[in-house]
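Encoded as structure tokens, the structure appears first; notes follow it.
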């Protein structure tokens, strides 16, 4: 029923201070996918050393290649790679990974501002490579992972305008908090519980920029829907052609409410079957150029 645009898996998960392991193994992911009715996924390499143990793109490609078409690989390139400069030839790596079968770039989450010259170079090179870019966004610098922006996301807007042929896939607390007008700018660092008190910048940017898509994964995407289900239905109806189902499954026992959220919106008439199918899987197939059976679209 679903295609997961935001999957993580490690061949060798590693321990955390809580005693849990990050991330899930392919076997653990497959077990959760059977439960959640997920039939395919894009595997996103983790590069964020601010919090996570980095993962090689090769490991992700190997897992995708071993899946009999169930999974596709994304690649990931740190904007500081190669020469740590604003003119680093990152396109060499992106084209290399694209030739190896990677269908997108992400999860991009260095703790840098959108308009940092290093990050802008990655955006320029990704646009030239013709790959979509899935990002995580934060409202803080110097604390953890995530691309930084100011309240109202003005830097993201300038990037959307500067790179019109690059598909940006929005994700993360600082992004999804702005589905509503903010009561307090600090709300961008968490999961606001109050309903949508006025349409926020997410819808505004999506109307202005057809190269902005969104990823419903993680607590941030789920919270954006559950905090105001009436508005969620309105938002998904309007933008159903650029909304992507995702889980961001990190812990094998992680709660994943997204399938039930979408099923509830279908059953109460907020979404038509065609809209549901687009969000659940068909948008991902179209964006990544794949058939449901994993074959490539010519």
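The values are calculated or read from the model by the stated rules, or taken from the named source; none is laboratory data. Values in this document were obtained by computation on a predicted structure and should not be read as measured data. Ideal geometry is used to build each Cβ from the backbone, glycine not excepted, and the neighbour counts take in all protein chains shown.
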All but one of (1) within 18 Å of the chain's Cα centre (by Cα); (2) over 16 Å from residue 290 (Cβ atoms) hold for residue 71; state the number of the condition that does not hold. (2)
So for segment 155-164 (the condition being in contact with a helix residue (DSSP H, G or I) (Cβ under 8 Å, 6 or more places away or on another chain) and more than 24 Å from residue 287 (Cα to Cα)), does at least one residue qualify? no
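Surrounded by 16 or more Cβ atoms within 10 Å (Cβ to Cβ) and within 30 Å of residue 285 (Cβ to Cβ): is that true of residue 128 in this structure?
Working: surrounded by 16 or more Cβ atoms within 10 Å (Cβ to Cβ): no; within 30 Å of residue 285 (Cβ to Cβ): yes.
Considered against the rule, which asks whether it is surrounded by 16 or more Cβ atoms within 10 Å (Cβ to Cβ) and within 30 Å of residue 285 (Cβ to Cβ), residue 128 comes out as no.
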Check segment 17-24 and report whether any residue there is out of contact with any strand residue (DSSP E or B) (no Cβ under 7 Å at 6 or more places or on another chain), buried (at least 16 other Cβ atoms within 10 Å of the Cβ), over 15 Å from residue 106 (Cα atoms) and in contact (Cβ under 8 Å) with a residue 40 or more places away in the chain. yes
Of the candidates 82, 141, the one satisfying the condition of being more than 30 Å from residue 2 (Cβ to Cβ), surrounded by fewer than 20 Cβ atoms within 10 Å (Cβ to Cβ), without any contact (Cβ under 8 Å) to a residue 40 or more places away in the chain and touching a strand residue (DSSP E or B) at 6+ places or on another chain (Cβ under 7 Å) is 141
Among the residues of segment 188-207, how many are assigned to a helix (DSSP H, G or I) and over 20 Å from the mean Cα position of the chain (by Cα)? 0
Among the numbered criteria (1) surrounded by 15 or more Cβ atoms within 10 Å (Cβ to Cβ); (2) within 18 Å of the chain's Cα centre (by Cα); (3) not in a helix (DSSP H, G or I), which one does residue 221 miss? (3)
What tally of residues in segment 167-183 results from selecting those that are over 14 Å from the mean Cα position of the chain (by Cα) and surrounded by 22 or more Cβ atoms within 10 Å (Cβ to Cβ)? 4
Number of the exception - residue 51 against (1) touching a strand residue (DSSP E or B) at 6+ places or on another chain (Cβ under 9 Å); (2) at pLDDT below 95: (1)
